[in-house]
Amino acid sequence: MVQNGKLELTFISTLVNNIKKDKMKTIKYKYTKATFLLLLLLSITSCERELSDKAEFANYGTTGDIFIDAPVGLTDQFFVSFDPAGGANTEGFGTDESVTYQGASAIRIDVPAGDDVNGGYIGGIFVDRGVGRNLTGYDALTFWAKGSTTATVGLVGFGTDFIEDKYAVGLENIKLSTDWRKYTIPIPDASKLIQEKGMFIFSAGGIGTFPEMGYTFWMDELKFEKLGNIGQPQPAMASGEDRVETKFLGDQFSMADYSLRQTFNLASGINQTVIAAPSYFSFSSSDIEVARVNESGIVSLVGSGSAKITASIAGVSVAGSLTLNVAGGFPVAPAPTLAASNVISIFSDAYTDVAVNYYNGFWQPYQTTLGGEITIDGQNVLNYTNFNFVGTQLTAPLDISEMTHFSIDILMPEVLATDIDMLIVLKNENATETTLQQQRIGGQTYQWSTQTGDINDTESNATFEGGVWKTIKIPIRPTAETGLDKTGVNLIIIERIKSSNVTELHIDNLYFYKE
Amino acid sequence: MDKNNKNSMRITTTLLKTLCVLVLLIAFSCNPDETQTVAEFKNLVLSDEFDTDDFIDSDIWTFDIGNGTNGWGNNEEQFYTKRTENVSVQNGTLIIKAIKEDYSGSDYTSSKILTKGLKEQAYGRFEARIQLPTGQGMWPAFWLLGANCGDGTADTEVWPNCGEIDIMEYRGQEPTVVHGSVHGPGYAAGNAITKTYALENDRFDTGFHVFGIEWTPEYINYYVDDVLYNQITRQQVEEKGTWVFDQPFYIIINLAVGGNFIGAPNEETVFPQTMLIDYVRVYNK
């Protein structure tokens, strides 16, 4: 697994997860394999020479217009959809000559219903047809929009080109009126945009709960502008807080995971906050022998100790900071010893894993958990942050009738022993019924329900130590006790109970076995 | 023009005059097609350039201290002090700073300077170059009040009969808009004669702008930078009430927090906020 390629993706998925968090629960943004390969290529070829004295920046076009009465300088396909395999509907994009803000034509988006057979949401990007534009002379992307009804569009922005997404910017949840309104997306720092290809991004799902109701919205006069009346930047990271976290030597992660935002005050007096890619920020580390941040915002932990990450955008200090207390190296999870023939593995370097749809379903609207599969020092683990609950969905239902146990290795960076209280749920969710076995771990202080499937096994009252792997073996109970139909287990859910203080988990060696 | 005051006005240097003409020329040159004449009064009779650090000229300025009656009549939330925390001169600029702090029963402190009893004049051109603060609840003003304002006894008149000329008022939550008004008998408070001016591609809280009036017995012209945006005539005023702008007025510059005109600060308002005054100048014909 190539580490950089994966980490580069983090920002996109963070941006996208943020979108999902707010509105569209059915959306599964997935970027195409081609994109991923390009990312890999970029990562591999990123060992560039230093600029020589003779290097000169090419002079790229400076056109700000994107769509006035027709696309301006965009690629032939005009609109590049998110991956239909991830649920994006490619049918609803077009132009309209009868409804316009001004001039002959406007962009028309028919947002599908949540259960539309062609895909339950619509979204994509507009890409410059040339080598990219110099947008340093502008301070905002603006457009006019109206809806067939009042509705909320999950995301609009620019800087996403499905290649680098280096200067991606997203404005979430714009509210449409049934009359034309102007929308302004401030550029976090225009001096960075010397060659930008990502002219526009949008994503919209239907109204209400599943199956959401579709609607139509129109956009017109889409362009980069020099408004001159945008001011008072207030950039922030980690929600403006001074955050302190314990991490492991060798760990790598993106600052995009720490809520990077830029806020500008618009002429209307409204503070407009956008999600800004890490590359807009200049990060600095108080101790580069402990933590280093590169220009893409990737943090590498290179030594033990403590380092504080601070940042600025265009000379303006960023509110908030991240202090990293780096202990020793990330411990290797205990190596499983069972013969492969006795094991059905979900996630382990020791065995061949069964196929999964995901290790994090980003279930909306209640899930807060971020993260998923990561690699630390060559070790593949699942890392969940901001944890409340998370699910792994198997591609094909699994027959575990022959299995006696479910095994899981858990490591928490910091542990307050009395605060551990979790559930592990093995679920068979099919068209006719849902059955499950629920196993409590560590919980002693909270009330226990008597729901079918609940097991409060003393064996699982595990004692955890910070930064130490703990293997938990959960007996698979007879169906008569739990109700779980063992012939088609397809979901494994880990859940934090109530106010239990578990916020970050590392997980490895997730498998069923028979004794 | 009040003769007594005229004699006490500061004598200006030729250099300064030249500079002013230059500034005007530069200002005009931005809009070569505009034929309007913004300023006709060119005889500088008072100027404070705030050129000496830590010095506020007591021959020109005095202070209002406290939280006034009913928040200076507007339910304003600040307590005015003359502490250097709230008012100071640094790097050629007078700084009025609104601070969020518990102070004598108020939640905010700020400052209000005025030329009352020191520099008072009828008619003329009054202008100041100011960078305004930002955010919900910030209410800076550059204004004139009739020198005869009082409680109605002796030779005084109660407000609004003594007259008020607001050269610039601004709401921190509307960073591109300023207001110019007159208040008098028949046209006060909510019924004041007023006009707003909005910048198109700029804002008042990110750079300095010149705010001024030219006041004659017949009209008051309002301008921002090189744009004359309103003229209030004696005839207009007399359609609503009485023209009370023939007696000397004094200058007030203050930064209020909250109050009826703008509402209270909210959680997005950043403190402290500063109002920066580069200069104050008064001319006559």
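Listing for the model above:
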quantity	calculated
Selection within segment A:261-306 - farther than 28 Å from residue A:225 by Cα and of a type in the set (Ser, Thr, Tyr)	A:284, A:285, A:286, A:300, A:304, A:306
Qualifying positions in segment A:316-340 - out of contact with any Phe, Trp or Tyr (no Cβ under 7 Å at 6 or more places or on another chain), surrounded by fewer than 18 Cβ atoms within 10 Å (Cβ to Cβ) and of a type outside the set (Gly, Ala, Ser)	A:316, A:323, A:325, A:332, A:337
Listing of strands (runs of 3 or more DSSP E) fully contained in segment A:328-423 that carry 1 or more residues being touching a strand residue (DSSP E or B) at 6+ places or on another chain (Cβ under 7 Å) and modelled with pLDDT under 90	A:370-376, A:379-385, A:405-411
Candidates B:253, B:213, filtered to the one that is closer than 21 Å to residue B:74 by Cα, away from every other protein chain (no Cβ under 14 Å) and either over 17 Å from the mean Cα position of the chain (by Cα) or at pLDDT 95 or above (or both)	B:253
Residues within segment A:219-231 that are within 27 Å of residue A:109 (Cβ to Cβ), in a strand (DSSP E or B) and within 13 Å of chain B (Cβ to nearest Cβ), tallied	1
Those residues of segment A:120-139 which are small (Gly, Ala, Ser) and crowded, with 24+ Cβ neighbours inside 10 Å, in sequence order	A:120, A:123
Every residue from segment B:100-143 that is at pLDDT 95 or above and at positive phi	B:117, B:123, B:124, B:135, B:137
Looking only at segment A:251-269, and only at residues there that are of a type outside the set (Gly, Ala, Ser) and within 14 Å of chain B (Cβ to nearest Cβ), the one that is nearest to residue A:383 (Cα to Cα)	A:261
Within segment B:112-144, tally of residues that are more than 14 Å from chain A (Cβ to nearest Cβ) and either part of a strand (DSSP E or B) or of a type outside the set (Gly, Ala, Ser) (or both)	22
The listed residue being assigned to a helix (DSSP H, G or I), within 27 Å of the chain's Cα centre (by Cα) and within 14 Å of another protein chain (Cβ to nearest Cβ), out of A:279, A:239	A:239
Segment B:256-278, subset among the β-branched types (Val, Ile, Thr) and within 14 Å of chain A (Cβ to nearest Cβ), residue surrounded by the fewest Cβ atoms within 10 Å (Cβ to Cβ)	B:270
Segment A:140-164, residues that are assigned to a loop (DSSP other than H, G, I, E, B) and either surrounded by fewer than 24 Cβ atoms within 10 Å (Cβ to Cβ) or basic (Lys, Arg) (or both)	A:148, A:149, A:150, A:161, A:162, A:163, A:164
Number of the exception - residue A:216 against (1) within 14 Å of another protein chain (Cβ to nearest Cβ); (2) farther than 30 Å from residue A:505 by Cβ	(1)
Residue list for segment A:357-378, filter: touching a Ser or Thr at 6+ places or on another chain (Cβ under 6 Å) and surrounded by fewer than 19 Cβ atoms within 10 Å (Cβ to Cβ)	A:357
Selected residue (only one of A:272, A:234 is of a type outside the set (Ser, Thr, Tyr), assigned to a loop (DSSP other than H, G, I, E, B) and within 12 Å of chain B (Cβ to nearest Cβ))	A:234
Residue A:106 being small (Gly, Ala, Ser), at pLDDT 95 or above and buried (at least 23 other Cβ atoms within 10 Å of the Cβ)	yes
Hey, residue B:138 under 17 Å from the mean Cα position of the chain (by Cα) and under 29 Å from residue B:234 (Cβ atoms) or not	no
Single condition residue B:178 does not satisfy, out of (1) surrounded by fewer than 19 Cβ atoms within 10 Å (Cβ to Cβ); (2) within 14 Å of chain A (Cβ to nearest Cβ); (3) of a type in the set (Val, Ile, Thr)	(1)
Test: residue B:204 is aromatic (Phe, Trp, Tyr) and within 14 Å of chain A (Cβ to nearest Cβ)	yes
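The values are calculated or read from the model by the stated rules, or taken from the named source; none is laboratory data. Keep in mind it's a predicted model, so treat the numbers as computed, not measured. As a convention, Cβ positions derive from the backbone with ideal geometry for all residues, glycine included, and neighbour counts pool all protein chains shown.
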